[in-house]
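Structure record follows, encoded as structure tokens.
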Amino acid sequence: VGVVIIAAIASLVWMAAPYVSALALVIDVSGREVAARSWLPVRVQPVDATDISVATRHGAVVGRLYRPSGTTRASTRTVMVVPGLHAAGVEEPRLDRLSRRLAGEGVTVLSLPLPDLRQFLVTARSTDVIEDAALWLAGQSAITSTGRIGLIGISFGGGLALVAAGRPSLAGKLDMVVSFGGHGDLPRVVRYLCSGLLPDGTRQPAHDYGTVLFLLAALPHLVPAEQVAPLDRAVRVFLDASMVDVSEPARAAALFREARDLGAALAEPARSVMADVSARDATRLGPRLLDLAEQVASDPALSPERSPATRARVFLVHGAVDTVIPQTETPALAAFLQRSGAAEVNWLLTPAVSHADATTNVTASDVWALVRFWKRIFD
């Protein structure tokens with residue numbers, strides 16, 4: 001009887017261990033202090049981080065390689081993490097936290113911010129860079145021993161990662177592709193950001209930040225050529241302010257004032273465009289861009305639903321109410337991938353995240369659903 005009881009307890013511990021590990025990782029990556037975390041019996045390894053340069057067809061791209069400290073052998077599990085639109089690069093705190101925490105689980109991680117996304121631009125060049133970098137990483141026998149990697153994309157990086165994953169050069173080289181809050185069809189997202197209308201006709205107010213992002217690509221269609229550069233500068237100051245609006249409110253306020261002052265000095269019609277940006281009201285700015293959605297975003301290299309689908313396993317996670325890339329993108333994208341013959345498609349809408357940040361006041365069942373989903377990714 002004693003042997004049976006001990007065996008039963010051991011079996012329960014063995015079965016529970018991956019879920020406990022996944023729960024600890026979800027808590028750590030959220031960046032929030034949770035008292036229960038200290039009670040979880042999870043050992044996170046110390047990590048070494050090294051900046052490296054990856055050659056691509058569009059030039060060298062600086063990334064950061066995270067490995068468990070003292071690692072000398074190639075890893076059996078390697079992933080590349082592609083963040084969304086953010087100017088901070090490898091120093092962006094959420095990106096560093098995710099990459100470092102994954103490496104603490106024994107995974108080798110290449111964090112690769114894309115140059116164009118760092119400039120607040122969603123371009124086909126970024127898709128090429130993801131393809132080239134993933135191909136390079138899969139071929140580095142000193143880093144990964146299997147010749148296969150995982151690909152994790154965040155926000156607009158998630159949609160671009162899925163496009164790259166469907167390209168012939170990466171066939172057989174990907175264990176899985178994960179998209180956090182990514183898009184399926186970029187023009188559809190732009191139309192939402194401009195109108196607040198979801199595909200089913202219901203309304204969900206769009207975040208002005210997302211609308212302003214696509215204003216940059218549309219500037220040549222909105223103002224005379226000589227006004228593009230000064231308006232671009234003013235808009236970028238506004239976006240820099242939006243990046244630190246929560247974390248550094250005093251700095252954000254100063255940058256917002258600078259953006260307004262730059263806008264006031266512009267000639268018309270650029271001055272009116274910048275006034276709409278500074279008003280932080282997507283309903284005022286959106287109508288200027290609505291008819292330009294196809295012109296600025298229709299390149300198939302920007303949308304998974306307009307490109308060949310990957311045959312790798314796919315995992316899609318999306319905030320249940322996302323006002324930058326709407327949550328309706330994930331079920332639509334999952335349906336497209338399933339129709340197109342992806343090997344496996346898993347998706348989750350969760351109130352535990354907004355767009356790229358953890359939320360508060362979530363239930364235990366919400367956390368449990370996210371933990372189970374995360375565990376499946378690394379099964």
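The values are calculated or read from the model by the stated rules, or taken from the named source; none is laboratory data. Everything numeric in this text was worked out from a predicted model, so none of it was measured. Note that each Cβ is placed from the backbone with ideal geometry, even for glycine, and that neighbours are counted across all protein chains shown. Keep in mind that these areas ignore ligands, DNA and RNA; they rest on the heavy atoms of the full protein, side chains included. Shrake-Rupley method; radii C 1.70, N 1.55, O 1.52, S 1.80 Å.
Tally Lys and Arg at +1 and Asp and Glu at -1 over the other residues with C-beta under 15 Å from the C-beta of Thr144: what net charge comes out?
Working: positive: Arg67, Arg73, Arg77, Arg148, Lys173; negative: Asp175.
With Lys, Arg at +1 and Asp, Glu at -1, the net is +4.
With everything on Cα atoms, drop me the angle between helix 186-195 and the longest principal axis of the chain, reported from 0 to 90° to the nearest 10.
Result, in degrees: 60.
Val42: net charge of surrounding residues, Cβ under 12 Å, Lys/Arg +1, Asp/Glu -1, itself excluded? Walk me through the numbers before you get to the answer.
Working: positive: Arg37, Arg43, Arg101; negative: Asp28, Glu105.
Local net charge: +1.
Ignoring ligands, DNA and RNA, what accessible area per residue does the range 41-143 give at 1.4 Å, in Å²?
Numbers: 4220 Å² over 103 residues.
That works out to 41 Å² for each residue.
Looking at the chain, send over the antiparallel percent of its DSSP beta bridges, to the nearest 5. Walk me through the numbers before you get to the answer.
Details: 15 of 42 bridges.
Here the share of antiparallel DSSP bridges comes out near 35 percent.
Could you look at the chain and say what percent of its accessible area is carbon and sulfur, using a 1.4 Å probe and all protein chains? Walk me through the intermediate numbers first.
On the way: 9590 of 16590 Å².
Reported share for carbon and sulfur atoms: 58 percent.
Calculate one ³J(HN,Hα) per residue across the range 208-225 by plugging θ = phi - 60° into the Karplus curve 6.51 cos²θ - 1.76 cosθ + 1.60, and present them in order as whole Hz with x for glycine and proline.
Values per residue, Gly and Pro as x: 4, 4, x, 5, 5, 3, 7, 4, 4, 5, 9, 3, x, 8, 10, 9, x, 4 Hz.
Strictly greater than 19 Å: what percent of every Cα pair in the range 93-174 meets that?
Values: 1287 of 3321 pairs.
In whole percent, the share of Cα-Cα pairs in the range 93-174 beyond 19 Å is 39.
Could you give the accessible area per residue of the range 193-315, probe 1.4 Å, as a whole number in Å²?
Details: 5680 Å² over 123 residues.
On a per-residue basis, the range 193-315 sits at 46 Å².
Treat each spin label as a single point 7 Å out from the Cα along the C-beta direction, and report the Ala74 to Asp245 distance in nm.
4.6 nm
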